[in-house]
Amino acid sequence: MKNVIYSINGPIVTVKNTKDFGMLEMVYVGEKELLGEVISINDNETTIQVYESTTGLKPNEEVKKSNSLLSATLGPGILENIFDGIERPLGDIAKSQGAFINAGKTIPALDENKKWNVTLKVKLNDVVKQGQIFAICPETKLIEHRSMIPYGVNGKVVKVVENGMYTVCETLIEVEDEKGIIHEVKLAQKWPIRNPRPVNHRKSISAPLITGQRVIDTVFPIAKGGAAAIPGGFGAGKTMLQHQIAKWCDADIIIYVGCGERGNEMTQVLEEFAELIDPKSNVPLISRTCLIANTSNMPVAAREASIYTGCTLAEYYRDMGYHVAIMADSTSRWAEALREISGRLEEMPAEEGYPAYLPSRIAQFYERSGYVETLSGLEGSLTIIGAVSPQGGDFSEPVTQNTKRFIRSFWALDKSLAYTRHYPSVNWNLSYSEYIDDLSRYYEKNIAMDFMKLQAEIISILHEETKLMEIVKLIGSDVLPEEQKLLLEIARVVRIGFLQQNSFHVEDTYVSLEKQYKMLKVISYLFKASKQYVSKRVPVSLILKTGIFEDVIKMKYDVKNNEIELLDGYNNKIDLALATIE
């Protein structure tokens, strides 16, 4: 007996009186065989969410089983590619179908005709286990693809091919398990997107993800294997900050998920990533990047799946021993997709109409980050950085508040800072990082013993400035004692000279940790040296007339990144300038 459609409500389709389907099973809906997933089963009906447009779908069309979960295809060819939320290759679709994706069965995720130069790492009669690397091939100019034995396959190699050129569909080795069952192992394998990939164990976090952005690396750092959120209203610079991190961070691979963003903004992302040159290797950045584009006009159910697809691709490369960073822009649009589907299912709404399970879904996403030992014994990490778009910039709304529960770096973007051209517009009073204690040993060992002391000093200066500004707003700065006037001026140096960063300036777009440390030392020395003059009753106005404060602000531009030793001479420059005070 055929299973047929009973009702259609947007992306939600129901089938009556059947027990043929399993929970979370992937199914094909209607004559066009639209991709769907079973999300609810009871005695009377089975509910399916469809990942493609249901326009034109009619009752009594057949729904077919697949006997598998919604899965991502994993293998060489993921990098340098652009997929939609359910891993359909948009570039290949554009070549064959034009600007719009046709509904129904479509092109395979990976090119099944392209041949890869494969080198086998196992030989006949070797005993292999799940997760072990059995073959390698150059996927791009930057990344070596390390193919792994699929999960659940353990045994003896009974057949192996010679090194050479193979497609992702050709069998490279055959493994006989202890029950005598033969498993064919290919370059491509599948993995259910909602299931985290297994690892040997999680390791403690100890190294930062270095981004080259001073406000992050020095003030609010994130660790490799950590999780961070970038909340901000429209125009605050979320996407730009994620672009900078994607371009400059020391992750090996970037997975960028455009989840429910505007089509023109996503087009800009795709064009920019195609043109960007990787600064470390001088080859196109796309060589170590995969883009998942699910714009706001694409089916809402696929938007919900795009986050999990991105995580699965990222975990796959993590398991090869790479450090991977995933940029999700934005998780608010993903949460809105959850809300819309929940509404169509007539579930009881919670705060602001979001489903009651919103916190657990956000937790499941961010918990897939981590620094791990893989099944093959290598070390890899997955760092998740999610943008949040609260309506009207209200950080008290449910998505932002629930996200704060599951991340440890919170980079709150401030629209008022963005409007004054202060980028990155990270508000130092609302932002925080809980990784500072975990990373302090790294900074002290690899940069300088007093790095954390200087970091604490500038945070203290900024907080003191915030308190003083409340007084200044009431009675003006003229009545303040000279010591407090000096603190306000030093805080201005910190804000403009250190926290503000120009992503379009060749020397300021990326700054090494060593240069950041030396800049901190210069600012700290300026503060101490000026304090001595203020203690001798020299007015701050006279100190400012020397111009040394402006020189220190401009050091980020004046001192090139390959000449950071010039910053060591700034202490003498400060002393000479202050000595001219009459």
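Here are some conditions: (1) closer than 25 Å to Gly258 by Cα; (2) surrounded by fewer than 23 Cβ atoms within 10 Å (Cβ to Cβ). Val388 meets all but one. Which one does it not meet?
(2)
Just one of (1) open to solvent by less than 80 Å² (accessible area, probe 1.4 Å); (2) within 21 Å of Ile523 (Cβ to Cβ) trips up Met449, so point out which.
If we test Met449 against (1) open to solvent by less than 80 Å² (accessible area, probe 1.4 Å); (2) within 21 Å of Ile523 (Cβ to Cβ), just (1) comes out false.
What about Ser477, is it surrounded by fewer than 16 Cβ atoms within 10 Å (Cβ to Cβ) and within 24 Å of Arg441 (Cβ to Cβ)?
Judged against the criteria, Ser477 is not a match.
Which count do you get for residues in region 258-278 that are open to solvent by 10 Å² or more (accessible area, probe 1.4 Å) and farther than 22 Å from Ser296 by Cα?
3
Give me a count of the residues in region 22-59 that are in a strand (DSSP E or B) and open to solvent by 30 Å² or more (accessible area, probe 1.4 Å).
Qualifying residue count for the region: 5.
Would you mind finding the one in Ile216, Ile230, Ile255, Ile210 that is within 17 Å of the chain's Cα centre (by Cα), under 30 Å from Leu375 (Cβ atoms) and open to solvent by less than 20 Å² (accessible area, probe 1.4 Å)?
Going through Ile216, Ile230, Ile255, Ile210 in turn, just one is within 17 Å of the chain's Cα centre (by Cα), under 30 Å from Leu375 (Cβ atoms) and open to solvent by less than 20 Å² (accessible area, probe 1.4 Å): Ile255.
Against the conditions (1) under 31 Å from the mean Cα position of the chain (by Cα); (2) at negative phi; (3) touching a residue at least 60 places away in the same chain (Cβ under 8 Å), where does Arg88 fall short? Just the number, please.
Here Arg88 meets the rest and fails (3).
For residues that are farther than 17 Å from Thr239 by Cα, among the hydrophobic types (A, V, I, L, M, F, W, C) and touching a helix residue (DSSP H, G or I) at 6+ places or on another chain (Cβ under 7 Å), tally how many sit in region 386-437.
4
Residues being without any contact (Cβ under 8 Å) to a residue 24 or more places away in the chain and closer than 24 Å to Asn427 by Cβ: count how many of those fall in region 493-529.
Going through region 493-529 one residue at a time, the tally reaches 1.
Which residues, counting only those in region 427-475, are part of a loop (DSSP other than H, G, I, E, B) and either of a type in the set (S, T, N, Q) or over 23 Å from the mean Cα position of the chain (by Cα) (or both)?
Asn427, Asn429, Ser431, Ile447, Ala448, Met449, Asp450, listed by residue number.
Hey, which of the strands (runs of 3 or more DSSP E) in region 274-379, taking only ones fully inside, have at least 1 residues that are touching a residue at least 40 places away in the same chain (Cβ under 8 Å), under 20 Å from Ile255 (Cβ atoms) and of a type in the set (S, T, N, Q)?
It comes to 289-294.
Only residues that are open to solvent by 10 Å² or more (accessible area, probe 1.4 Å) and at negative phi: list them for region 144-154, please.
Glu144, Arg146, Pro150, Tyr151, Val153, Asn154 - these are the residues of region 144-154 that are open to solvent by 10 Å² or more (accessible area, probe 1.4 Å) and at negative phi.
Could you check, for region 78-94, whether at least one of its residues is farther than 25 Å from Leu313 by Cα, touching a Leu at 6+ places or on another chain (Cβ under 9 Å), in a strand (DSSP E or B) and β-branched (Val, Ile, Thr)?
no
For region 71-128, give me the residue count where each residue is more than 30 Å from Asn297 (Cβ to Cβ), charged (D, E, K, R) and surrounded by 21 or more Cβ atoms within 10 Å (Cβ to Cβ).
0
Tell me yes or no: at least one residue of region 184-204 is hydroxyl-bearing (Ser, Thr, Tyr), surrounded by fewer than 16 Cβ atoms within 10 Å (Cβ to Cβ) and in contact with a Phe, Trp or Tyr (Cβ under 8 Å, 6 or more places away or on another chain).
yes
The values are calculated or read from the model by the stated rules, or taken from the named source; none is laboratory data. Everything numeric in this text was worked out from a predicted model, so none of it was measured. As a convention, Cβ positions derive from the backbone with ideal geometry for all residues, glycine included, and neighbour counts pool all protein chains shown. Note: areas computed on protein heavy atoms with side chains; ligands, DNA, RNA excluded. Shrake-Rupley method; radii C 1.70, N 1.55, O 1.52, S 1.80 Å.
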